[in-house]
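**Q** Mind having a look at this structure? Questions to follow.
The values are calculated or read from the model by the stated rules, or taken from the named source; none is laboratory data. As the structure is a prediction and not an experimental result, all values here were calculated from the model. Virtual Cβ from ideal backbone geometry, glycine too; neighbours counted across all protein chains shown. Heavy atoms of the whole protein, side chains included, go into the accessibility calculation; ligands, DNA and RNA do not. Shrake-Rupley method; radii C 1.70, N 1.55, O 1.52, S 1.80 Å.
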Amino acid sequence: MSAFIELKDVRKVYGKGSGEVRAVDGISFRARQGEWIAIMGPSGSGKTTLLNLIGCLDQPSSGALVINGTDTATLSRSELARFRSETLGFVFQQFHLVPHLSALENVMLAQYFHSMTDETEAMAALKQVGMDGRAKHLPSQLSGGEQQRVAIARALVNDPRIILADEPTGNLDAENQKIVFRILGQLHEQGRTIVMVTHDENAGKLADRRLNLEHGRIKQNLVFSAEENQDFDEVLEHLWMRTEDTSHDFGHVEAHEFTPVQWKRIVTTMEGIGLVTVHDGLEEFTPKGEARARDVIRRHRLAERLFMDVLNIHDEDEVEQSACKFEHILSPEVTDKMCTLLGHPDACPHGSKIPRGECCEEGRVLPAAEAAGVLREIGARS
Ligand code: ADP
Ligand code: MG
């Protein structure tokens with residue numbers, strides 16, 4: 001996945017010694033261009049700190065932040081200021097409007113800091129949020145929701161590709177929350193990348209993806225459905241075969257049933273739980289991922305052998321389908337018994353190597369009396 005925003009093990013530590021607070025404690029994630037990400041989590045979990053780091057309002061204590069290919073640590077102060085005003089638009093919970101300036105002037109002030117003021121453009125930004133009719137009003141003459149819309153117009157005026165919003169509806173009533181989320185939805189549709197901090201479960205659902213923070217870390221979703229686990233297994237299996245057969249071009253997207261978008265989504269999740277890493281768009285196993293891939297491949301190929309050699313099934317499609325099913329459901333114990341029953345075969349019926357198991361190393365032998373039991377056990381699962 002080509003990342004538009006990429007954080008690599010980013011940390012932000014406040015204070016020293018016993019008073020040290022690890023507000024952001026080693027966060028890595030990538031956002032694609034146009035993705036809408038919701039950052040959620042309890043108060044004090046580091047959401048604002050994280051957003052401010054992404055927004056280059058604050059510098060990480062360690063780790064790297066790359067935005068649109070630019071490593072932000074390499075920028076000088078003035079380059080950073082320029083980069084920020086060209087690329088990022090901020091929306092805060094407190095609207096931070098200047099009280100003695102009108103709505104229009106508040107928007108134009110943002111232009112002023114960027115380059116040049118342009119009243120027509122500022123009006124267009126107000127129009128986008130439905131506030132062009134209130135251009136001359138002072139903040140005190142506007143409701144909270146209206147002030148926030150002016151603040152969004154201000155964020156939009158330099159046409160940033162990324163919008164960062166910190167609890168943008170935190171001070172708004174239900175009606176105005178809806179309006180603000182609708183506007184964010186429009187900005188998302190325009191292709192802007194949005195990173196939004198919110199407490200609101202429903203708002204979190206509007207986003208493409210949620211990151212749940214806890215004590216400055218991304219709380220991992222460690223419980224996956226059987227279907228998701230099967231997807232992981234299939235990706236792992238595929239990556240395994242890619243390492244086996246370099247003479248054969250496994251164009252990785254074509255070679256299995258996932259669409260490129262599905263493949264990316266699954267790989268991103270797998271990256272998050274440490275099964276794979278991605279370098280230059282190419283997936284690589286972590287040790288954990290490789291071990292799991294080895295097990296899946298072993299189950300699949302042993303199942304193929306079993307169907308052919310013991311159950312005498314020679315229909316290729318049937319063997320393949322059954323093996324695909326078995327690779328997800330066989331326990332390590334049953335797999336080893338099956339391997340033992342088959343006499344620890346080296347290769348699957350197509351000649352691909354079967355990864356060795358503990359039982360092979362030990363040269364286990366299955367007593368004849370147990371063989372029937374193993375077959376029954378396997379039969380019960382098919
Ligand atoms: P959230 O936005 O999720 O409520 P914050 O990012 O504001 O959380 O804060 C995360 C932690 O970092 C909290 O324990 C907070 O007290 C601490 N923190 C935030 N900013 C500072 C700062 N400037 N100095 C010291 N501690 C800070
Ligand atoms: Mg906060």
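**Q** Place a +1 charge on the Cβ of each Lys and Arg in the chain and a -1 charge on the Cβ of each Asp and Glu, then give the dipole magnitude about the Cα centre in debye, rounded to the nearest 20.
**A** 1620 debye
**Q** OK, next. Long-range amide H contacts for residue 39: which residues qualify at under 5 Å (H placed 1.01 Å from N, peptide plane, sequence gap of 5 or more or a different chain)?
**A** Correct list: 196, 197, 198, 211.
**Q** From the backbone phi of the range 151-163, what are the Karplus-calculated ³J(HN,Hα) couplings (6.51 cos²θ - 1.76 cosθ + 1.60, θ = phi - 60°) in whole Hz, Gly and Pro given as x?
**A** For the range 151-163, the Karplus curve yields 5, 5, 4, 4, 5, 8, 5, 9, 6, x, 8, 10, 10 Hz.
**Q** Would you calculate, for the chain, the mean residue ellipticity at 222 nm contributed by helices, counting each DSSP H stretch of 4 or more residues as -39,500 (n - 2.57) and dividing by all residues, to the nearest 500?
**A** Mean residue ellipticity at 222 nm (helix-derived): -14000 deg cm²/dmol.
**Q** Something else now. Would you please report the Å³ per residue occupied by the convex hull of the alpha carbon atoms in the chain?
**A** 192 Å³
**Q** Next up: Counting only other residues whose beta carbon sits under 11 Å from that of residue 45, what net charge do I get with K and R as +1, D and E as -1?
**A** Value of the local net charge: +1.
**Q** Under the definition of Cα pairs under 8 Å and six or more residues apart, what whole-number percent is the relative contact order of the chain?
**A** For the chain, the relative contact order is 16 percent.
**Q** What's the carbon and sulfur percent of the chain's accessible surface, probe 1.4 angstrom, rounded to a whole number?
**A** Of the solvent-accessible surface of the chain, carbon and sulfur hold 49 percent.
**Q** Please list, in chain and number order, the residues 5+ apart from residue 276 or on another chain whose amide H is under 5 Å from its amide H, with Hs placed from the backbone.
**A** So residue 276 has HN proximity to 271, 286.
**Q** Give me the accessible area per residue for the range 5-222, probe 1.4 Å, as a whole number in Å².
**A** Roughly 49 Å² per residue, with all protein chains present.
**Q** Next up: What number comes out for accessible area per residue over the range 260-328 if the probe is 1.4 Å? Units Å², please.
**A** Value returned for the range 260-328: 50 Å² of accessible area per residue.
**Q** Moving on to the next point. Using the Cα gyration tensor of the range 1-136, with a ≥ b ≥ c the square roots of its eigenvalues, what is the shape: rounded (a/c below 1.5), prolate (a/b larger than b/c) or oblate (neither)?
**A** prolate
**Q** Leaving ligands, DNA and RNA out of it, rank 161, 305 by accessible area with a 1.4 Å probe, largest first.
**A** Result of the area sort, largest leading: 161, 305.
**Q** Check the chain and count each lysine pair with an alpha-carbon distance under 24 angstrom, considering only pairs eight or more places apart or from different chains.
**A** Final tally of qualifying lysine pairs is 26.
**Q** According to the square roots a ≥ b ≥ c of the eigenvalues of the Cα gyration tensor, what is the shape class of the range 290-381, taking rounded for a/c under 1.5, prolate for a/b larger than b/c otherwise, and oblate for the remainder?
**A** Rounded is the answer for the range 290-381, as its axis ratio a/c remains below 1.5.
**Q** While we're on this one: Pull up all non-local amide H partners of residue 214: gap of 5 or more, or a different chain, and H-to-H distance under 5 Å with H placed in the peptide plane.
**A** The list, which skips near neighbours in sequence, is 219.
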